[in-house]
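Below is one structure; the comments refer to it alone.
The values are calculated or read from the model by the stated rules, or taken from the named source; none is laboratory data. Worth saying up front: this structure is predicted, and the values here are computed from it rather than measured. When we count neighbours, we look across all protein chains shown, and the Cβ atoms used for this are built from the backbone with ideal geometry, even at glycine. All accessible areas refer to the heavy atoms of the entire protein, side chains included, with ligands and DNA or RNA removed. Shrake-Rupley method; radii C 1.70, N 1.55, O 1.52, S 1.80 Å.
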Amino acid sequence: MNSLSSSSGWQGGSGFTKLCKGLAVVIIGSSAVVQIIPSVIPYVALIPARTIPFAWNLITAGYIEQSIFQAVVSTIGLLFIGRVLEPIWGSKELLKFIFVVNFLTSVCVFATAIALYYITTKENYLYTPISGFQGVLIGFLVGIKQLLPDQELSLLPSFKIKTKWLPSFLLLLCILLSFFIEESASYLPTFLFGAYMSWIYLRYLQRKPETSLRGDPSDEFSFSSFFPGAMRPVIDPVASLFDRMLCGRSQVTNDSSDGYTLGATSLPGSGPVEASRRRERGARALEERLAADGLVGVGEKEDDLSHKDAAENV
């Protein structure tokens, strides 16, 4: 456990990682170009009516910000949250996560815009340029929820929130703002699909090198964990349908006795002990980074680390 920093690609100090800085340059540079030459927006932003034949917009739109304020927010979010996730996941996995979530979010936003046009016949759904890194940013928060769900952050002196509620809190805030600010409504699909696609990726697709398995089937990262406890009895039956669709064809091997089930499917090697150890490794690294940023109290950190050491000894 003491070698976590070196084994996970930990970059000492509180500096930003090379990958995050490189992506920040891409976002700032592309956003500067659209400010200087607005005529390029139809070629790089997602405009549903022009996505065919300009299909590359499904990729480029996620790295284009159409205002300076949005570019600043996206850059800050990328640098500060990315430096927490990259040492735990690794540069390749973080880059893969960003690409997959960005692309799938754009595809879903495109499909939603087309559907809304046929339902309402309003052409603004077809010709409004859509772009931004917001889908990946909220995906980062979903990643932090997965790694350290019970960590308490002090965002303001009088406001504390557990990391597991960060994605849900931001989505609720976006939904509320969309009723009062028209511009906020245009970003809502990106936030919603960004959160959902990142959860799909982390829940079912992300490969775990230490177990050679995909995804995170733990109850703490279930779809219903994004909602208050009172709503989960209603949400769980619906969410179980997706479990069967995405995991129903998993093969059960002979050495699956240590596994546990997700729906009707046993996941070999992903027993509670291994899942707990994997979460603890990520939690330890994340706590150290948050403590370096001054977001975690010293007392909280020491208590959490002592609990984790006891769990590892078991």
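Can you name every residue in the range 42-61 that is among the aliphatic types (A, V, I, L, M) and open to solvent by less than 30 Å² (accessible area, probe 1.4 Å)? If the condition is that a residue be among the aliphatic types (A, V, I, L, M) and open to solvent by less than 30 Å² (accessible area, probe 1.4 Å), then 45, 46, 47, 58, 61 are the ones that fit. Answer with yes or no whether residue 180 is within 30 Å of residue 219 (Cβ to Cβ) and open to solvent by 70 Å² or more (accessible area, probe 1.4 Å). So residue 180 fails the test.
Just to be sure, is residue 164 open to solvent by 20 Å² or more (accessible area, probe 1.4 Å), modelled with pLDDT of 85 or more, basic (Lys, Arg) and more than 19 Å from residue 82 (Cα to Cα)? Steps first, answer last, please.
On the way: open to solvent by 20 Å² or more (accessible area, probe 1.4 Å): yes; modelled with pLDDT of 85 or more: yes; basic (Lys, Arg): yes; more than 19 Å from residue 82 (Cα to Cα): no.
Here the answer is no, as residue 164 does not meet what is asked.
Among the residues of the range 192-211, which ones are open to solvent by 30 Å² or more (accessible area, probe 1.4 Å), in a helix (DSSP H, G or I) and either at pLDDT 90 or above or in contact with a helix residue (DSSP H, G or I) (Cβ under 7 Å, 6 or more places away or on another chain) (or both)? Within the range 192-211, 192, 193, 196 meet the criteria. Any chance the range 212-228 includes a residue that's touching a helix residue (DSSP H, G or I) at 6+ places or on another chain (Cβ under 9 Å), at pLDDT 80 or above, open to solvent by 30 Å² or more (accessible area, probe 1.4 Å) and among the aromatic types (Phe, Trp, Tyr)? Checking the range 212-228: at least one residue is touching a helix residue (DSSP H, G or I) at 6+ places or on another chain (Cβ under 9 Å), at pLDDT 80 or above, open to solvent by 30 Å² or more (accessible area, probe 1.4 Å) and among the aromatic types (Phe, Trp, Tyr). Within the range 33-55, the set of residues being free of Cβ contacts under 8 Å to residues at least 12 places away in the same chain and under 26 Å from the mean Cα position of the chain (by Cα) comprises just one member, 55. Candidates are the residues of the range 132-156 that are touching a Ser or Thr at 6+ places or on another chain (Cβ under 8 Å) and polar (S, T, N, Q); the one that is modelled with the highest pLDDT is 134. Comparison of 67, 8 shows that the only residue that is within 22 Å of the chain's Cα centre (by Cα) and either modelled with pLDDT under 95 or open to solvent by 70 Å² or more (accessible area, probe 1.4 Å) (or both) is 8.
Inside the range 55-137, counting only helices (runs of 4 or more DSSP H) that do not spill past its ends, which hold 1 or more residues that are of a type in the set (Phe, Trp, Tyr) and closer than 15 Å to residue 186 by Cβ?
Values: elements: 57-60, 68-89, 91-120, 124-127.
Output list reads 68-89, 91-120, 124-127.
Given the criteria touching a Cys at 6+ places or on another chain (Cβ under 7 Å) and not in a loop (DSSP other than H, G, I, E, B), does residue 170 qualify? Criteria not met by residue 170. Residue 25 fulfils the conditions (1) part of a helix (DSSP H, G or I); (2) under 19 Å from residue 111 (Cα atoms) except for a single criterion, (2).
Put simply, of 101, 107, 84, 136 the only residue that is in contact (Cβ under 8 Å) with a residue 12 or more places away in the chain, of a type outside the set (D, E, K, R), over 14 Å from residue 63 (Cβ atoms) and open to solvent by less than 40 Å² (accessible area, probe 1.4 Å) is 84.
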